[in-house]
Amino acid sequence: MKINFLFWLAVLAFISCKQQTPEPVPPLFVHDISEGPTPWTANEFEPTEDDFTFAIISDLNGGEREGVYATAVQQLNLLDPTFVLSVGDLIDGGTEDTLQLAKEWDSFDDRTAKLNMPFFHLGGNHDLTNPTMREFWKNRFGPRYYHFVYDNVLFLMMDSEDYEEQRMIEIYEARAIALKIIDGEIEGTYEDSEYYHMPERRIGGMSNAQLDYYAEVLKKYPNVKWTFVLMHKPLWMREDEKGLGPLEDLLADRDYTVINGHFHSFSNQIRKGRSYTILGTTGGSQNPQDSMAFDHVTLVRMAKKPVITHLKMEGILNEQGNVPAGQ
């Protein structure tokens, strides 16, 4: 009886081991040419890396051109990134009419809902022009600046319209006068207006509270593979304490990339040994005399370090060889 018990125990152990034996992995590259030359250049291929891909859209406004963003959504679905980020100016905005704001955000979000992957909102000056719009954003999207980590990569999603409320009102009122000058409603020259000379118009600003928030985030995630810093206006061009400089000091010991929009003209430079890119547009107004003003989406493959590709929308074609029609 004892022998039979030991025999069946051994059989069960053998079956268990057999069941746990992994299936053989098929060869990566198979062919039937056994000798002589081959019509390919190498038999060795780069090992598959653990990576992911995300996309970034740029400015839709001011002066959105109809149909461009809807087409970009279809193209992004063809490219199939893991998720899509934005750098702001998603609506025309610039109003305190909450019904109009709801209409504009509904329009944007209805088009964005056609994406097959998550989308991350970020506010620009058109999205956060005044305290009413700031409150509207809070009620609809939550915080104006935030962070997230995906696959050990840290994303800092910044608010470059981060002013004290009184300063925001001053900028808003000066902007309203400047727009009346542009529209010919009042006399004057835009270049002589108060708004034109405000540093916030071009390069934005950030509060100490936002800096403190990101200082804590960086302490919490000291060893991530890479850090991406996204914003609408180029805070890094502002040289006082309301610019990016204090945060750049905290970023100095890590690998990071900075990306923003706002100028509607593409450029890239190396600053502090890192890549800083200003994106073009994804439907926003363009200067026809600017060769770097073009519609594009940005694709980032996050391998050991980011591989960044900017794809002009006119060259992203479907299987039939056409730019897909926006829906």
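Tabulated values for the structure
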{"item": "Isotropic mean projected area of the C-alpha convex hull, the stretch 41-187 (nm²)", "result": "12.7"}
{"item": "For log10 I(q)/I(0) by the Debye sum over Cα atoms at q = 0.07, 0.11 Å⁻¹, calculated from these coordinates, the label among [x] -0.34, -0.70; [y] -0.40, -0.91; [z] -0.38, -0.77", "result": "[z]"}
{"item": "Alpha-carbon Debye profile of the stretch 191-268, log10 I(q)/I(0) at 0.11, 0.16, 0.25 Å⁻¹", "result": "-0.33, -0.65, -1.29"}
{"item": "Relative contact order of the stretch 224-327, pairs being alpha-carbon contacts under 8 Å that are 6 or more residues apart, as %", "result": "18"}
{"item": "Segments 165-175, 55-65 sorted - mean Cβ within 10 Å per residue, highest first", "result": "55-65, 165-175"}
{"item": "Label-to-label distance, nm, for residues given as PHE29 and ILE308 (7 Å Cα→Cβ offset)", "result": "3.2"}
{"item": "Distance-filtered residues of the stretch 213-238 - backbone nitrogen under 17 Å, label point 7 angstrom along ARG254 Cα→Cβ", "result": "213-231"}
{"item": "Alpha-carbon centroid distance for the pair the stretch 150-188 / the stretch 293-326, whole angstrom", "result": "29"}
{"item": "Separation between Cα centres of the stretch 70-128 and the stretch 24-39, rounded to whole Å", "result": "47"}
{"item": "Label-point separation, GLU216 to GLU173 (7 Å along Cα→Cβ), nm", "result": "3.4"}
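Computed from the coordinates by the stated procedures, all read-outs in this text should not be read as laboratory data. These numbers come from a predicted model, not from an experiment. No Cβ is skipped: glycine too gets one built from the backbone with ideal geometry, and neighbour counts run over all protein chains shown.
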